[in-house]
Amino acid sequence: MGYRVPRDFSCRHLLTMDDWIDFYDSAPTIYVGPRHRDVHFRVIADDIAALVAAHRPSRQARVLDYGCGEALHADRVAAQARQLVLCEAAPGLRERLRKRFAGEAKIEVIGPDDLAAAADGSFDLIIMHSVSQYLTPAELDATLARFRRLLASDGCLVIGDVLQPHTQAFTDALALLRFGAREGFFLAALFGLVRTLFSNYWWLRSSLGLTRHAETGMREHLAAAGFAGERSARNIGHNQARMTFLARPTPPGAAVR
Ligand SMILES: C[S@@+](CC[C@H](N)C(=O)[O-])C[C@H]1O[C@@H](n2cnc3c(N)ncnc32)[C@H](O)[C@@H]1O
């Protein structure tokens, strides 16, 4: 099964950013091959696991990974935590995650709507990696406000893979080639990039665009939701042209720079 371009697109189907959820539900071919897919999720899992360990070395952190995608190596994150909640909006993908991690006592799979029932301060660490580009600014604000409620007062919010306003697709392509060269899938990356130009991903990206944020803009979104955020020296994952922000809740009523 693949993502289908809506047939009646030209006359009735108005594309919205939610079409990205359908796209990710369709087991998309955004990875150039099995090696890329595996190593992509391993690198991300190891980076997140390091953040969890730094935040709570005691392995007692309650962690939320929002928009986790396939999260192939979530067990590596769970090993550093007390509990890992994988939250995924795409329903088919969510079911695949439930099957994959059925035997992992520390891992729970939920959808965004399920978070409404979670108590205030339920998580010590909340990660949202490579999702902000699919949210409108209003959706980002609503999501950050939700995170503010769910995060413990001494918790940490991590927003990763944020696209900067002037970064071009070419920069992403170059980062993928470098990643491929380092991890042994350079040729697959080269062919994969050519294939991407004819893919539904490219069609959707060209039609809908991706939401981008300047460093100051993202800090302002965070501040409006009650966080003090700073850009991290490193982005999670392989693409260092994108940005990761680490944010702490500010006490209600406190002024934020
Ligand atoms: C590029 S994948 C990122 C997956 C994983 N975090 C990673 O870094 O590999 C984008 C994810 O964002 C989710 N997503 C897209 N639009 C969304 C929305 N409006 N609300 C919540 N999640 C969304 C998709 O379902 C998908 O899992």
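If you filter region 106-136 down to residues that are touching a residue at least 40 places away in the same chain (Cβ under 8 Å) and over 23 Å from Glu70 (Cβ atoms), you find that the one that is nearest to the ligand (Cβ to nearest atom) is Thr136.
Of all the numbered requirements in (1) within 24 Å of Leu115 (Cβ to Cβ); (2) assigned to a helix (DSSP H, G or I), Gly229 misses one, and that requirement is (2).
For the subset of region 79-90 comprising residues that are more than 10 Å from the ligand (Cβ to nearest atom) and within 17 Å of the chain's Cα centre (by Cα), which member is surrounded by the most Cβ atoms within 10 Å (Cβ to Cβ)? Per the criteria, the residue is Leu84.
What do you reckon, is Leu144 without any contact (Cβ under 8 Å) to a residue 60 or more places away in the chain, more than 11 Å from the ligand (Cβ to nearest atom) and out of contact with any Leu (no Cβ under 6 Å at 6 or more places or on another chain)? So Leu144 does not fit the description; no. Scanning region 242-252 for residues that are under 30 Å from Arg56 (Cβ atoms), under 18 Å from the mean Cα position of the chain (by Cα) and β-branched (Val, Ile, Thr) turns up at least one hit.
Filter region 99-121 down to the residues that are out of contact with any strand residue (DSSP E or B) (no Cβ under 6 Å at 6 or more places or on another chain) and over 21 Å from Phe147 (Cα atoms), then identify the one that is surrounded by the most Cβ atoms within 10 Å (Cβ to Cβ). Filtering first and then ranking leaves Arg100. Please determine whether any residue of region 238-252 is at pLDDT below 95 and loosely packed, with under 14 Cβ neighbours inside 10 Å. Yes: region 238-252 contains one or more residues that are at pLDDT below 95 and loosely packed, with under 14 Cβ neighbours inside 10 Å. Within region 13-41, residues that are near the ligand (Cβ under 10 Å from one of its atoms) reach partners that are at pLDDT below 95 and part of a loop (DSSP other than H, G, I, E, B) with beta carbons closer than 7 Å, at six or more positions or on different chains, in the pairs Asp22/Tyr3; Phe23/Tyr3; Pro28/Tyr3; Arg37/Tyr31; His40/Tyr31.
The values are calculated or read from the model by the stated rules, or taken from the named source; none is laboratory data. Bear in mind the structure is a predicted one, so any value in this text is a computation, not a measurement. Neighbour counts run over all protein chains shown; Cβ positions are idealised from the backbone, glycine included.
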